[in-house]
Amino acid sequence: MIRLTTFGGCSLRQDGTEFSELVAHKQKAALLSFLAVEGPVPRDRLLPLFWSGRDNEKARHSLSQALYALRKELGEESISVVGEHVGLVSETLWVDVKELEAAAQAERWEDVAELYRGPFLAQFHLPGSPGFDEWQTRTRAWVSALARKAFSKVIESRHGAGDAAGALEVANRWAKLEPLEDEAQHALIALLATSGDRAAALAQYEAYGRRLAEELEVEPLDATAAMVERIRAGELPESPLLEDALLAAPTPGVPRTEAAAAAVAPEPAPAAVVSADLDRILKDDLGPGLEIVRKLGESPAASVYLAREPKLKRLVALKVFSPKLAPDRRARLRFEREVQAIGSLTHPNIVRLHWAGALSNGLPYFVMEYVAGTSMSNKLKAEGTLPVPEARRALAGVAWALAAAHRRGIVHRDVQPANVLYQEETNRALLADFGIAAMLTATEERPVRITESGELVGDPAWMSPEQLIGEPAMERSDIYSFGLLGYELLAGRGPYDARSRQELYAAHIKERPRKLTELRPDVDRDLAELLEHCLAKEPTHRPNAEHVARVLSARPGEEPLVPGARPTLRRRVLSALVERRVPHALAAYLAGGFVLVELVSEMVGRDLVADVFSELSLLTYALGAPAVAVIAWFHGKRGRQRFERLEYCLLGALALLWLSLSISILLRQ
């Protein structure tokens, strides 16, 4: 029988043989885990989870290929396909989640505690699959709640029966599996004190408090702190458990996505709030000072709305924490951290925070600047790679934003085109989405984390080598991602030739990036070298954000701009001319026109045409230059352009001037 283990990670083995290649293929492992937990499901339910970016026909083909690969590796009898439903044959597969669920429904709490070996699919991430991420998060919360109930029940049972050593052993194992679980640490501290080892109990509390401060930036629960004060005073705890530690088990037959909400301890916001209820609460709580216009988008962690502030007559963006993740303490802290990160930063290239608060149901939200435009990822899809001057300006803006964040000890950790907004009105690039930012204090060199140890947060395709091998993200990690961003804006691709995600991750760690000038020959050498420098494997070999920003903001022979400084008029005019490709058009015209003028002169010299053609050709050549400059100014910029009234006037004036001078030349003959 094949054994699939999902607690504490993902592993698959049969008779001592490890299916390591299958588990290393993230999509196959994710599909197998989903089918193992959820049972037979319709194909249409799988498509948006794993292939949301493809059309229905291509997604179905990809699913068929994935199922074929699983059959080939696990055996034909392992996969069941009945009509449109896909599942695993339970007789051939043992799954820890299914065993834990059966034990919980039978109230065999000792078995549940024994089966649990850590968070569901810990350190597992499927890039580009937000639907799967949401399912994974909710299933993890459901499993964790069952484990919490089981450990609490076992500890209560053994402690009540006088088996203090047995209760302490269970609490110690629970605390090791869930080092940030409040109930586990509370129980362990209480049982250590009850067993007579008051010093060990106080030491455990101190260690737990330090870890909370380092990784979550929070303090232990008030109930635990009060219990420790009583222990210091010489009192013994009456019970090792928190009052709300014993939770109701999921009802048999209830789908896990609903059971997760029922099994988790109450939080300020109920997880069962549906979208319609949330819209109503937003209207009731925020109106009339804030009017919801429409929903702009949604992720597993939050929903973003376009809203209007009538008094200030401005549009804003409203970001609301997802009610589905209300029980997830880490997800909530990440959201609150984003508020802190944006609120502490004031910079023209960072989306501004206006104000923040909490709804009547407890869901946190914040109101930020609305950027009229699109993300860089959408801009690249619509228009292709950017002109070098435009890309340079956008990269400079992002670099200044990173420099401002790094000065405040904030590491973004997710620099990529989707998180860079492009404001069309000002041609400005703004860095957004600080939801997974890590923060450094003035005395620390390592970022505090709201993640499990070793967990990858963000998209691994945009991560630095040190992040991919499990090291914490630092400021120079953002610089590596910034280098990848530069390649994407200028070359439309990354610096590595990889055919799969696994090859890409290995390339980030081991391979040298391709020269940017090989992928985009017209890129300035200094810009290409700078971005290649940003991709150094060793973090200390990469430049800091401020250095990158100054280099990108300055032209050769000019002083670097300082953040927020307004460029000179000369610089702004030159930049606009280059952006609209006026010099390129004039150079091509002057070269081609010179050849034609020389050709006409040669023909006149040989008496092939009248002398008047020589003067007419020179006149046309002279007045054609400003005409080409006008056309380039209005139509040289990338993207679709439209004719302007001023353009008609200028071209008309040049045409009238040419006509009048031509007539004058002809009349003199």
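The values are calculated or read from the model by the stated rules, or taken from the named source; none is laboratory data. None of these values were measured; they are calculated from a predicted model. Positions of Cβ are backbone-derived with ideal geometry, glycine not excepted, and every protein chain shown enters the neighbour counts. Note: accessible area is taken over every heavy atom of the protein model, side chains too, but ligands, DNA and RNA are not part of it. Shrake-Rupley method; radii C 1.70, N 1.55, O 1.52, S 1.80 Å.
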(request) Output the number of the condition that residue 18 fails; it satisfies all remaining conditions of (1) out of contact with any strand residue (DSSP E or B) (no Cβ under 9 Å at 6 or more places or on another chain); (2) farther than 19 Å from residue 137 by Cα. (result) (1)
(request) Among residues belonging to the range 118-132 that are open to solvent by less than 40 Å² (accessible area, probe 1.4 Å) and closer than 25 Å to residue 174 by Cα, point out the one that is farthest from the chain's Cα centre (by Cα). (result) 118
(request) Could you tell me whether residue 260 is among the small types (Gly, Ala, Ser), under 30 Å from residue 36 (Cβ atoms), outside any helix (DSSP H, G or I) and at pLDDT below 75? (result) no
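Just name the residue that is nearest to residue 366 (Cα to Cα) out of those in the range 287-321 that are assigned to a loop (DSSP other than H, G, I, E, B) and within 28 Å of the chain's Cα centre (by Cα).
The first filter runs over the range 287-321 and keeps only residues assigned to a loop (DSSP other than H, G, I, E, B), leaving 287-290, 299-301, 310-313.
Checking which are within 28 Å of the chain's Cα centre (by Cα) leaves us with 290, 299-301.
Values: 290: 12, 299: 15, 300: 17, 301: 13 Å.
Among those that are assigned to a loop (DSSP other than H, G, I, E, B) and within 28 Å of the chain's Cα centre (by Cα), it is 290.
On the given criteria, is residue 340 under 20 Å from residue 477 (Cβ atoms) and modelled with pLDDT under 90?
Working: under 20 Å from residue 477 (Cβ atoms): yes; modelled with pLDDT under 90: yes.
Considered against the rule, which asks whether it is under 20 Å from residue 477 (Cβ atoms) and modelled with pLDDT under 90, residue 340 comes out as yes.
Give the range 177-197 a look and list any residue that's under 13 Å from residue 151 (Cβ atoms), crowded, with 24+ Cβ neighbours inside 10 Å and of a type outside the set (D, E, K, R), or say none. Quick ask: steps written out before the conclusion?
Residues of the range 177-197 that are under 13 Å from residue 151 (Cβ atoms), as a first pass: 177-178, 181-188, 191.
This time we only want the ones that are crowded, with 24+ Cβ neighbours inside 10 Å, so: 183-188, 191.
Once the filter is applied, which keeps residues that are under 13 Å from residue 151 (Cβ atoms), crowded, with 24+ Cβ neighbours inside 10 Å and of a type outside the set (D, E, K, R), the range 177-197 yields 184, 185, 186, 187, 188, 191.
I need the full set of residues from the range 96-116 which are under 19 Å from residue 30 (Cβ atoms) and open to solvent by 40 Å² or more (accessible area, probe 1.4 Å), in order please. Steps first, please.
Kept after step one, since they are under 19 Å from residue 30 (Cβ atoms), are these residues of the range 96-116: 96-98.
Once the filter is applied, which keeps residues that are under 19 Å from residue 30 (Cβ atoms) and open to solvent by 40 Å² or more (accessible area, probe 1.4 Å), the range 96-116 yields only 98.
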(message) Residue pairs, Cβ under 6 Å, 6 or more apart or interchain, first in the range 504-521 and without any contact (Cβ under 8 Å) to a residue 24 or more places away in the chain, second outside any helix (DSSP H, G or I) and not polar (S, T, N, Q). List them.
(response) 507/496; 507/498; 511/496; 514/495; 517/523
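I'd like to verify a number: residues in the range 356-374 that are touching a Pro at 6+ places or on another chain (Cβ under 8 Å) and surrounded by fewer than 20 Cβ atoms within 10 Å (Cβ to Cβ), how many? Spell out the reasoning first.
As a first pass, look at the range 356-374 and keep what is touching a Pro at 6+ places or on another chain (Cβ under 8 Å): 356-358, 361-363.
Then keep just the ones that are surrounded by fewer than 20 Cβ atoms within 10 Å (Cβ to Cβ); that gives 356-358, 361-362.
Residues flagged as touching a Pro at 6+ places or on another chain (Cβ under 8 Å) and surrounded by fewer than 20 Cβ atoms within 10 Å (Cβ to Cβ) within the range 356-374 amount to 5.
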(request) Output the residues belonging to the range 604-636 that are part of a helix (DSSP H, G or I) and either of a type in the set (Val, Ile, Thr) or on the phi > 0 side of the Ramachandran plot (or both). (result) 604, 612, 620, 628, 630, 631
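Residue-by-condition table, conditions (1) at pLDDT 85 or above; (2) exposed (fewer than 13 other Cβ atoms within 10 Å of the Cβ); (3) closer than 21 Å to residue 388 by Cβ:
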position: 558; (1), (2), (3): no, yes, yes
position: 563; (1), (2), (3): no, no, no
position: 573; (1), (2), (3): no, yes, yes
position: 578; (1), (2), (3): no, no, yes
position: 582; (1), (2), (3): yes, no, yes
position: 586; (1), (2), (3): yes, no, yes
position: 598; (1), (2), (3): yes, yes, no
position: 601; (1), (2), (3): yes, no, no
(message) On the basis of being under 19 Å from the mean Cα position of the chain (by Cα), at pLDDT below 90 and not in a loop (DSSP other than H, G, I, E, B), does residue 405 make the cut?
(response) yes
(request) Filter the range 375-386 down to the residues that are outside any loop (DSSP other than H, G, I, E, B) and out of contact with any strand residue (DSSP E or B) (no Cβ under 7 Å at 6 or more places or on another chain), then identify the one that is surrounded by the fewest Cβ atoms within 10 Å (Cβ to Cβ). (result) 382
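Here's the yes/no breakdown for (1) under 30 Å from residue 47 (Cβ atoms); (2) modelled with pLDDT of 90 or more; (3) in contact with a Phe, Trp or Tyr (Cβ under 9 Å, 6 or more places away or on another chain):
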site: 132; (1), (2), (3): yes, no, yes
site: 144; (1), (2), (3): yes, no, yes
site: 148; (1), (2), (3): no, no, yes
site: 166; (1), (2), (3): no, yes, no
site: 170; (1), (2), (3): no, yes, yes
site: 176; (1), (2), (3): no, yes, no
site: 190; (1), (2), (3): no, yes, no
(request) Tell me the strands (runs of 3 or more DSSP E) entirely within the range 53-101 that contain at least 1 residues that are farther than 25 Å from residue 7 by Cβ. (result) 79-82, 85-88
(request) All but one of (1) closer than 19 Å to residue 121 by Cα; (2) touching a strand residue (DSSP E or B) at 6+ places or on another chain (Cβ under 8 Å) hold for residue 9, so report the exception by its number. (result) (2)
(message) Consider the range 7-60. How many of its residues are in contact with a Gly (Cβ under 8 Å, 6 or more places away or on another chain) and polar (S, T, N, Q)?
(response) 1
(message) Looking for something touching a Leu at 6+ places or on another chain (Cβ under 9 Å), surrounded by 14 or more Cβ atoms within 10 Å (Cβ to Cβ), outside any loop (DSSP other than H, G, I, E, B) and of a type outside the set (A, V, I, L, M, F, W, C) - is there at least one such residue anywhere in the range 32-41?
(response) yes
(message) Among the residues of the range 629-637, are any open to solvent by 30 Å² or more (accessible area, probe 1.4 Å), among the basic types (Lys, Arg) and more than 19 Å from residue 583 (Cβ to Cβ)?
(response) no
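Go through 643, 613 for me and flag whichever is at pLDDT below 90 and within 30 Å of residue 386 (Cα to Cα). Walk me through it before giving the result.
Working: 613 fails: within 30 Å of residue 386 (Cα to Cα).
When all the criteria are applied, what remains is 643.
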(message) Can you pull out every residue in the range 85-95 that is of a type in the set (S, T, N, Q) and either closer than 17 Å to residue 43 by Cβ or open to solvent by less than 50 Å² (accessible area, probe 1.4 Å) (or both)?
(response) 92
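Looking for whichever is within 30 Å of residue 179 (Cα to Cα) and at pLDDT below 90 here; the options are 473, 506, 498. Which one fits? Steps first, please.
On the way: 506 fails: within 30 Å of residue 179 (Cα to Cα); 498 fails: within 30 Å of residue 179 (Cα to Cα).
Only one candidate passes the filter, namely 473.
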(message) Looking only at residues that are of a type in the set (Ser, Thr, Tyr) and more than 16 Å from residue 29 (Cβ to Cβ) in the range 133-153, which one is surrounded by the most Cβ atoms within 10 Å (Cβ to Cβ)?
(response) 152
(request) Could you please tell me which pairs satisfy a Cβ distance under 9 Å, a separation of 6+ or placement on different chains, a first residue in the range 371-388 that is modelled with pLDDT under 90, and a second residue that is small (Gly, Ala, Ser) and open to solvent by less than 30 Å² (accessible area, probe 1.4 Å)? (result) 371/317; 371/432; 375/432
(message) If I ask for residues that are among the acidic types (Asp, Glu) and surrounded by fewer than 12 Cβ atoms within 10 Å (Cβ to Cβ), which ones from the range 57-84 would you list?
(response) 57, 76, 77, 84
(message) Taking the criterion of being within 30 Å of residue 65 (Cα to Cα), open to solvent by less than 60 Å² (accessible area, probe 1.4 Å) and without any contact (Cβ under 8 Å) to a residue 40 or more places away in the chain, would at least one residue in the range 154-176 satisfy it?
(response) no
